[in-house]
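Written out below as structure tokens is the structure these notes cover.
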Amino acid sequence: MFGIPDTGSTETLPPIGESALGLARAVLMHGPISRGDLGRRLGLSPASLTRLSKPFFDRGLFVEIDDDATGSVGRPTRPLDVRLDGRRFVGVKLTGEAAYGVLTDLRANELASAHRPLQSRDVDTVVAQLDELVQELATAGPIAAVGVSVGGKVTDSRVVARAPFLGWRDVDLAAALEARVGVPVLVENDVAGLAAAEQWFGAGRGTSTFAVITLGIGVGYALVINDRVITTRDSGLGLGGHVPLDSDGPVCGSGHRGCSDAMLTESSIRAQVSHRLGRPVDYDDVLALAAAGEPDALAVLRSSGRALGRLVALVANIAMLDTVVLSGEGIGLWHVVSDEVIEAARNDRDDEATELQISVDDAGVSSWARGAAAVAIQRTLARLTPVP
């Protein structure tokens with residue numbers, strides 16, 4: 001079992017309220033940051049900043065850094081930052097075939113990684129393997145919490161209500177894994193977790209409203225509005241895969257012609273190119289062939305690129321936002337046909353609309369696992385005990 005040792009002092013520490021958590025989020029996202037900038041960002045007075053930051057200094061989570069570290073000049077400001085080495089988290093991306101884990105610091109920076117092919121999809125077997133993965137990643141020291149992301153619907157950050165790739169329904173994964181690792185476990189839909197990581201630590205950090213579109217086994221979609229990841233009862237159902245994009249496109253497994261699943265998933269792209277070439281090829285082969293100019297592979301990817309551009313524009317237009325983050329293990333598509341994506345997105349936008357910003361996170365499976373760690377960080381800030 002793992003955890004931060006109990007110092008015996010947590011009962012006397014000041015409670016952490018929502019305002020203080022807002023302050024912690026701002027320092028995590030934007031630190032090192034001066035008190036003046038922090039006060040202006042949050043609308044807080046110097047006295048309020050001092051009061052709200054006290055619980056985090058008491059826990060050893062905040063530090064003041066020297067002006068020399070920021071390169072600033074003039075009167076010393078002693079900017080605030082988080083103590084990155086004070087906490088460790090594990091994030092795990094769980095698929096139908098494997099578990100991919102990362103060890104991170106308090107900003108979800110990856111410190112180590114590990115991987116386990118699943119021996120089976122039986123719940124007890126998977127939990128045992130997740131425990132092994134956490135043990136391997138925690139050898140360097142105690143961890144504060146574990147985040148697990150799955151492709152499917154999750155309720156209360158604990159129960160996997162539906163995970164088609166695992167064949168699971170109503171599995172209390174958090175309780176089962178907590179019983180083994182001894183620290184809080186948070187479970188989240190994988191795309192929502194990735195959006196949380198982009199919001200706090202990634203491409204979305206500079207804007208309060210943006211969308212995330214993921215490509216891979218399926219097509220995922222998440223929305224962040226005013227610094228909140230939007231979740232509903234239908235989150236995790238893969239509804240982003242059913243958006244019609246090309247009336248002449250192939251048919252998906254649900255019978256939809258030219259939908260995002262049919263146009264953008266690895267399996268569909270691979271099947272189209274294999275059919276054209278008369279031989280089986282995998283997704284990486286498709287990308288390499290298209291990059292080399294092979295006509296059939298390039299034709300399929302260009303069609304997919306135009307479909308992705310339409311999806312980007314549709315999301316931006318309907319949600320009235322101007323930033324879209326593209327990610328997922330299938331993001332190699334972008335590197336071959338980015339021109340088609342950009343042109344199609346531009347064509348479907350109003351000429352006077354704000355210029356669209358498309359950011360690409362191409363870290364692959366690491367991004368998913370860091371997203372799970374980000375969820376664990378966000379949800380346990382108020383419960384962290386003092387740094388020993």
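Can we say Arg116 is farther than 30 Å from Gly305 by Cβ and either among the polar types (S, T, N, Q) or assigned to a strand (DSSP E or B) (or both)?
Values: farther than 30 Å from Gly305 by Cβ: yes; either among the polar types (S, T, N, Q) or assigned to a strand (DSSP E or B) (or both): yes.
Answer is yes for this residue.
Could you tell me how many of the residues in segment 135-157 are crowded, with 18+ Cβ neighbours inside 10 Å, under 19 Å from the mean Cα position of the chain (by Cα) and not small (Gly, Ala, Ser)?
Looking only at that region, the number is 5.
Could you check segment 305-321 and list, in sequence order, the residues that are in a loop (DSSP other than H, G, I, E, B) and without any contact (Cβ under 8 Å) to a residue 40 or more places away in the chain? Spell out how you get there, then give the answer.
Kept after step one, since they are in a loop (DSSP other than H, G, I, E, B), are these residues of segment 305-321: 320-321.
The one that is in a loop (DSSP other than H, G, I, E, B) and without any contact (Cβ under 8 Å) to a residue 40 or more places away in the chain: Met320.
Does Gly332 count as farther than 30 Å from Thr104 by Cβ and in contact with a Leu (Cβ under 7 Å, 6 or more places away or on another chain)?
no
For residues in segment 202-211 being surrounded by 22 or more Cβ atoms within 10 Å (Cβ to Cβ) and touching an Asp or Glu at 6+ places or on another chain (Cβ under 9 Å), which is nearest to Ser367 (Cα to Cα)?
Gly202
Which ones in segment 280-304 are part of a helix (DSSP H, G or I), over 29 Å from the mean Cα position of the chain (by Cα) and farther than 24 Å from Val243 by Cα?
Matches in segment 280-304: Leu289, Pro295, Asp296.
With the condition kept exactly as written, say whether any residue in segment 330-339 is outside the structural domain of Val150 (by TED's automatic domain parsing) and more than 30 Å from Ala372 (Cα to Cα).
Looking for residues that are outside the structural domain of Val150 (by TED's automatic domain parsing) and more than 30 Å from Ala372 (Cα to Cα), one finds at least one in segment 330-339, hence yes.
The rows are residues; the columns are (1) surrounded by 22 or more Cβ atoms within 10 Å (Cβ to Cβ); (2) assigned by TED's automatic domain parsing to the domain that holds Ile318; (3) in contact with a His (Cβ under 9 Å, 6 or more places away or on another chain).
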| residue | (1), (2), (3) |
| --- | --- |
| Ile213 | yes, yes, no |
| Gly216 | yes, yes, no |
| Val224 | yes, yes, no |
| Asp227 | no, yes, no |
| Ser235 | no, yes, no |
| Gly253 | no, yes, no |
| Ser260 | yes, yes, yes |
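The values are calculated or read from the model by the stated rules, or taken from the named source; none is laboratory data. What you see is a predicted model; the values in this text were computed from it and never measured. All Cβ positions, glycine included, derive from the backbone under ideal geometry; neighbour counts span all protein chains shown.
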